[in-house]
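The block underneath contains the structure these notes are about, expressed in structure tokens.
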Amino acid sequence: MTIKPVLYGGMAARKLEAGHLLEISPGGAPELRAWWRLADVVRAAHAAPFAGSEAEAVEALDDLLRDAVRRRMVADVPLGAFLSGGVDSSTVTALMQAQSDRPVKTFTIGFRQSGYDEARHARAVAAHLGTEHHELILTPEEAREVIPKLPQIYDEPFADASQIPTWLVSRMTREQVTVALSGDGGDELFAGYNRYIEAAGRLRRIWALPGPVRRVLAGGLGAVPARLWPHLMPSLPQAGEKARKFAAAIGAGPQDFYRHVVSAWAAPEDVVPGARETWGSAWDEAGALCPDPVERMQYLDAMTYLADDILTKVDRASMAVSLEARVPLMDHRVAEFAWSLPMGMKLAGGQGKHLLRQVLYKYVPRGMIERPKQGFAVPIGDWLRAPLRDWAGDLLSGAALRRHDLVSPRAVETLWSEHRSGKKDHSARLWAVINLQAFLERSPFE
């Protein structure tokens, strides 16, 4: 996949691709070359897949992760760990504590709103491991405090709402340590996202049904008002948004399913006139490497979502407060081993990250971890209707949108009206536009 130039005030800016370096010599032309390619790792893994038993794989992964964590614990400054209580961060923390002669400092953030708070899970894991645990319960007021700083912190339009708690937990962590280990990367490497589980399980069966039946199922899900989903599924953040994407994808195959799940906009040209989508070519490129649809999704997530969202989010938020975040699960040896594993060691029993869980269960009781995947979500939809309503309304006004002339005011006006009324949850789409507008409002290129 190629990185397209982004225009700022007539100037083209291009990101350096992941795993690449740019060499500039006096008098010579700049030379771009790759020093590590995930595609090469995937090819090597398919050529020589892991052939041992699951027990052997657990021991091999335990050894690899221990060493990856140990290497990232080398520091002449205080260090700690982000701990959400989920599989990835709990594994990193457990391996830190197993190799430390003192309690590891752990940090987590929670919310008062039901369905979003994982602080109690982190607290239980910390107590079991014996870490020195610290937590911050986030309020809408604290969210409002950081939001005006987001364009400066991220230095580009960035629309993952979990950027807010990530910055706040980084700030809290920096008050006590200078380096923090993070559990990012586990979902992409070990098939942890719900979309992989869905694609490998019930969706595979649904896609085998006749088209008319699939359309009836999709219509039934889509007919449920957004305001009812929090009551129907109170433990699932943004349940209405996820149900909408699931409904939209039922009638299609793996490609359209994945596109719906990872896209905020079904038709980008509706909101950005003249926008051109290259989604199909990316899916086809990945297919040449990964014929299996789930592996293809993993590959695309690693190349896009992981690099441009997850890792960017943590890196920018942590560096904004002078905290160094290290990511042991992204050790190249761990990535290479993960890709060599058969899918049955990643997805098993309706769960993702099967092998990683087996490593974790050597250190933390299964009962502390076994629960539906929650993710690091924030109640941004509710915030946009109440404490952030006026701020968001200013950025989404027709005058503000026309000032920069990138986004269609008519398309945004409809979404904003439906969201404010509670008729639908458009938080993901609106947050993307809001962050673009906020960036442009302070951009030095304007």
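The values are calculated or read from the model by the stated rules, or taken from the named source; none is laboratory data. The shown structure was predicted, so the numbers you read here are calculated from the model rather than taken from an experiment. Note that each Cβ is placed from the backbone with ideal geometry, even for glycine, and that neighbours are counted across all protein chains shown.
Things worth noting here:
- Search result, residues across region 148-158 that are over 29 Å from V77 (Cβ atoms) and crowded, with 20+ Cβ neighbours inside 10 Å: P151
- Residues that are in a helix (DSSP H, G or I), of a type in the set (A, V, I, L, M) and at pLDDT 90 or above occur at least once in region 406-413.
- Looking only at region 117-131, residues that are in contact with a His (Cβ under 8 Å, 6 or more places away or on another chain) and not small (G, A, S) come to 1 in all.
Every residue, every condition in (1) surrounded by fewer than 18 Cβ atoms within 10 Å (Cβ to Cβ); (2) more than 29 Å from S427 (Cα to Cα); (3) touching a His at 6+ places or on another chain (Cβ under 8 Å), yes or no:
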residue: L355; (1), (2), (3): no, yes, no
residue: R366; (1), (2), (3): yes, yes, no
residue: I380; (1), (2), (3): no, no, no
residue: R385; (1), (2), (3): yes, no, yes
residue: D390; (1), (2), (3): yes, no, no
residue: R402; (1), (2), (3): yes, no, no
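- Qualifying residue in region 19-32 (condition: under 29 Å from M345 (Cα atoms), in contact with a Phe, Trp or Tyr (Cβ under 8 Å, 6 or more places away or on another chain) and not assigned by TED's automatic domain parsing to the domain that holds Y363): yes
- Residue-level analysis places L355 outside the set of residues that are assigned to a helix (DSSP H, G or I), closer than 19 Å to R37 by Cα and either touching a helix residue (DSSP H, G or I) at 6+ places or on another chain (Cβ under 9 Å) or of a type in the set (S, T, Y) (or both).
- Residue within region 319-327 that is crowded, with 19+ Cβ neighbours inside 10 Å, touching a helix residue (DSSP H, G or I) at 6+ places or on another chain (Cβ under 8 Å), at pLDDT 95 or above and of a type in the set (D, E) present: no
- Search result, residues across region 412-441 that are of a type in the set (V, I, T) and surrounded by fewer than 21 Cβ atoms within 10 Å (Cβ to Cβ): T414
- Close pairs (7 angstrom Cβ cut-off, 6 or more residues apart or separate chains): small (G, A, S) in region 210-225, part of a loop (DSSP other than H, G, I, E, B) anywhere: G211/G251; A218/G251
- Among the residues making up region 82-104, those that are modelled with pLDDT of 95 or more and in contact with a Phe, Trp or Tyr (Cβ under 7 Å, 6 or more places away or on another chain) are F82, L83, S89, A94, A98.
Table: residues versus (1) at pLDDT 75 or above; (2) among the β-branched types (V, I, T); (3) under 18 Å from R195 (Cα atoms).
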residue	(1), (2), (3)
P210	yes, no, no
P230	no, no, no
G251	no, no, yes
Q255	yes, no, yes
W265	yes, no, yes
E269	yes, no, no
V272	yes, yes, no
E277	no, no, no
W283	yes, no, yes
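- In region 381-424, the residue that is nearest to the chain's Cα centre (by Cα) out of those that are over 18 Å from P225 (Cα atoms) and of a type in the set (D, E, K, R) is R389.
Residue-by-condition table, conditions (1) crowded, with 17+ Cβ neighbours inside 10 Å; (2) on the phi < 0 side of the Ramachandran plot; (3) assigned to a loop (DSSP other than H, G, I, E, B); (4) not aliphatic (A, V, I, L, M):
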{"position": "R33", "(1), (2), (3), (4)": "no, yes, no, yes"}
{"position": "V42", "(1), (2), (3), (4)": "yes, yes, no, no"}
{"position": "H46", "(1), (2), (3), (4)": "no, yes, no, yes"}
{"position": "F50", "(1), (2), (3), (4)": "yes, yes, yes, yes"}
{"position": "V58", "(1), (2), (3), (4)": "yes, yes, no, no"}
{"position": "L61", "(1), (2), (3), (4)": "yes, yes, no, no"}
{"position": "L65", "(1), (2), (3), (4)": "yes, yes, no, no"}
{"position": "R70", "(1), (2), (3), (4)": "no, yes, no, yes"}
{"position": "V74", "(1), (2), (3), (4)": "no, yes, yes, no"}
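- Take the conditions (1) touching a helix residue (DSSP H, G or I) at 6+ places or on another chain (Cβ under 6 Å); (2) at pLDDT below 85; P49 misses just one of them, which is (2).
- Complete set of residues in region 124-163 that are within 22 Å of R112 (Cβ to Cβ), small (G, A, S) and touching a helix residue (DSSP H, G or I) at 6+ places or on another chain (Cβ under 9 Å): A124, A126, A143, A161, S162
- Qualifying position, being assigned by TED's automatic domain parsing to the domain that holds S170 and surrounded by fewer than 21 Cβ atoms within 10 Å (Cβ to Cβ), among R371, R296: R371
- For region 150-157, the criterion of being under 30 Å from K362 (Cα atoms), among the polar types (S, T, N, Q) and either at pLDDT below 95 or in contact with a Phe, Trp or Tyr (Cβ under 9 Å, 6 or more places away or on another chain) (or both) is satisfied by no residue at all.
- Residues located in region 168-207, provided they are over 25 Å from H354 (Cα atoms), hydrophobic (A, V, I, L, M, F, W, C) and surrounded by fewer than 23 Cβ atoms within 10 Å (Cβ to Cβ): L168, M172, V177, V179
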